[in-house]
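The values are calculated or read from the model by the stated rules, or taken from the named source; none is laboratory data. Everything quoted here is computed from the prediction, not taken from an experiment. Don't worry about glycine lacking a Cβ; one is built from the backbone with ideal geometry, like all the others, and counts go over all protein chains shown.
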Amino acid sequence: MQHITAPAASGLETLAISGHCDERFAPVAKAFARNFRDRGELGASVALVVDGRLAVDLWGGLTAPDGTPWHRDTVHVVFSCTKAATALCIHLLAARGALDLDAPLTAIWPELRAAQAGGTVRMMLDHTIGLPALRDPVKPDCMTDTPYMVARLEAEPPFWTPGTRQGYHALTYGFLLAEVVRRVTGQSLGAFFADNIAAPLGLDFHIGLPAAIEPRVAPVVPHRPPKGAPDTPFMAAAKTPGTVTNLFVFNSGDWPTRGVNTPEGRAAEIGAAGGVGNARSLAQMFAALAEGGERLGLTPDQIAGFATCSAATHCDETLRAPTRFGPGFMLAMDNRHPNRGGDGLIIGAQAFGHVGMGGSLGFADPAAGLALGYTMNRLGAGLLLNDRGQSLVDAAYRCLGYRTTASGFWAR
């Protein structure tokens, strides 16, 4: 165990970082410690699996500003990192021949208006199906009422012809794909994930948290932007009534602001944002993909398809910034220029994964033999990775002998 000097705002003199780190990856541990010293980290975990071995497994800080120390088995909501777990459920069904990503969606869900307009499962995965929000007001507890959300999305006219534009489906993504899973398998998304992914891989990751795990949960601490900060394009759109961004932010019920820190909110199966886990569970899930997918019945060719860009835009209809997606996974996005949003996701050219709100991350880079997970309870600024998560990614790649390219990738 090593001790570091805590930021003055924490009210503590020292914070403990526990776990193990191979000497080769000591710079990752140093970057993790610096997040606490210099970047306002409260509680967090980071894990690296390299060539199938857990090379870094660190955790530290506090579960709340006035809380207990972070432990090895502390878990918390990882927001949109959940989307990768949900996508993986769909890909397992496709690999088993239970569905076709590119077949007309009407074969599975004929009542869905977006399916009637030509939508496919792949369009759900890469955020082009045209259902990023709901137009008419929703009830406060909509996010914890799956049948309600499914019925609302089923009747919603798509915002654009499916496949013609791209807009991040920040919360609707999970309900859409969960209904596909239910119609194909008869199981809920959370049950299918638990049986077919979490259990085989030994993951402490849950879509719909069991009550027995509640005592291990660290609550989410929201990000408070400084007063007077200029509006980003995302915030400007959020303040403009009728935009997709405005509808997503202000017409999604109270789960993002209240329910996320309640047992009921964590027990709900919210496949876009409600997964509960930690860095180790994310790294281990992505490690199964980095090593070729055999443990889940996937092939290296299928895994390579996860890093194939199927949708990209200079201005995402929801996020109002450039985005690149494979089928269910974020790809490298160098948006660090202020005119491109100011933050990014700088990973390898063949890597794929997902960022969660506030800056958490899980990704795999099969070419590097690398899988990484990073989670934290105090959310940060930005739409993608902030400097806490990116510093860990950068340190990991440097330890493997990689360098950044002009294109915004890590490469040898």
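Among the residues of the range 58-71, are any at pLDDT 95 or above, within 23 Å of Tyr402 (Cα to Cα) and within 22 Å of the chain's Cα centre (by Cα)? Yes; the residues of the range 58-71 include at least one that is at pLDDT 95 or above, within 23 Å of Tyr402 (Cα to Cα) and within 22 Å of the chain's Cα centre (by Cα).
Checked against (1) of a type outside the set (S, T, N, Q); (2) within 29 Å of Gly389 (Cβ to Cβ); (3) in contact (Cβ under 8 Å) with a residue 24 or more places away in the chain; (4) part of a loop (DSSP other than H, G, I, E, B), Asp66 passes all but condition (3). Is there a residue being crowded, with 24+ Cβ neighbours inside 10 Å, closer than 15 Å to Ala87 by Cβ and without any contact (Cβ under 8 Å) to a residue 60 or more places away in the chain anywhere in the range 286-298? No, the range 286-298 has no match at all. Restricting the range 95-109 to residues that are touching a residue at least 24 places away in the same chain (Cβ under 8 Å) and surrounded by fewer than 18 Cβ atoms within 10 Å (Cβ to Cβ) leaves a set whose member that is farthest from Thr161 (Cα to Cα) is Arg96. In the set (1) under 20 Å from Leu319 (Cβ atoms); (2) more than 10 Å from the chain's Cα centre (by Cα), Gln350 fails one condition alone, (1). When Ala307, Ala267, Ala283 are checked against the criterion of being under 28 Å from Asn335 (Cα atoms), more than 15 Å from the chain's Cα centre (by Cα) and not aromatic (Phe, Trp, Tyr), Ala307 stands alone in meeting it.
On the basis of being in contact (Cβ under 8 Å) with a residue 60 or more places away in the chain and out of contact with any helix residue (DSSP H, G or I) (no Cβ under 9 Å at 6 or more places or on another chain), does Ala321 make the cut? The answer is no for Ala321. Of all residue pairs spaced 6 or more apart or on separate chains, those with beta-carbon atoms under 9 Å, a first member in the range 244-256 that is of a type in the set (Asp, Glu) and a second member that is in a loop (DSSP other than H, G, I, E, B) and surrounded by fewer than 20 Cβ atoms within 10 Å (Cβ to Cβ) are Asp254/Pro140; Asp254/Asp141. Within the range 389-412, the residues that satisfy the criterion of being within 24 Å of Thr318 (Cα to Cα) and in contact with an Asp or Glu (Cβ under 9 Å, 6 or more places away or on another chain) are Gln390, Gly408.
When we screen Leu345, Leu370 for residues that are under 29 Å from Arg216 (Cα atoms) and either more than 11 Å from the chain's Cα centre (by Cα) or among the hydrophobic types (A, V, I, L, M, F, W, C) (or both), the only hit is Leu370.
The residues in the range 110-167 that are in a helix (DSSP H, G or I), surrounded by 22 or more Cβ atoms within 10 Å (Cβ to Cβ) and over 22 Å from the mean Cα position of the chain (by Cα) can be counted, and the count is 2. What do you reckon, is Thr232 of a type in the set (S, T, N, Q), closer than 30 Å to Arg324 by Cβ and without any contact (Cβ under 8 Å) to a residue 24 or more places away in the chain? Here the answer is no, as Thr232 does not meet what is asked. The requirement of being under 25 Å from Ala287 (Cα atoms), surrounded by fewer than 24 Cβ atoms within 10 Å (Cβ to Cβ) and β-branched (Val, Ile, Thr) is not satisfied by Val46. Of all residues being of a type in the set (Val, Ile, Thr) and touching a strand residue (DSSP E or B) at 6+ places or on another chain (Cβ under 8 Å) in the range 201-252, which is nearest to His76 (Cα to Cα)? Just the residue, please. Step by step, filter the range 201-252, then rank; the result is Val217.
Of all residues in the range 324-335, those satisfying the criterion of being within 18 Å of Trp410 (Cβ to Cβ) and touching a residue at least 24 places away in the same chain (Cβ under 8 Å) are Gly326, Phe329, Met330, Leu331, Ala332, Met333, Asp334, Asn335. The helices (runs of 4 or more DSSP H) found entirely in the range 213-297 that carry 2 or more residues being at pLDDT below 95 are 233-238. Residues being more than 28 Å from His20 (Cβ to Cβ), touching a Gly at 6+ places or on another chain (Cβ under 7 Å), modelled with pLDDT under 95 and buried (at least 24 other Cβ atoms within 10 Å of the Cβ) are represented in the range 307-323 by at least one member. Within the range 168-189, the residues that satisfy the criterion of being under 26 Å from Gly259 (Cβ atoms), more than 18 Å from the chain's Cα centre (by Cα) and among the β-branched types (Val, Ile, Thr) are Val180, Val181. Does the range 4-29 hold any residues that are assigned to a helix (DSSP H, G or I), surrounded by 15 or more Cβ atoms within 10 Å (Cβ to Cβ) and at pLDDT 95 or above, and which are they? Within the range 4-29, Phe25, Pro27, Val28, Ala29 meet the criteria.
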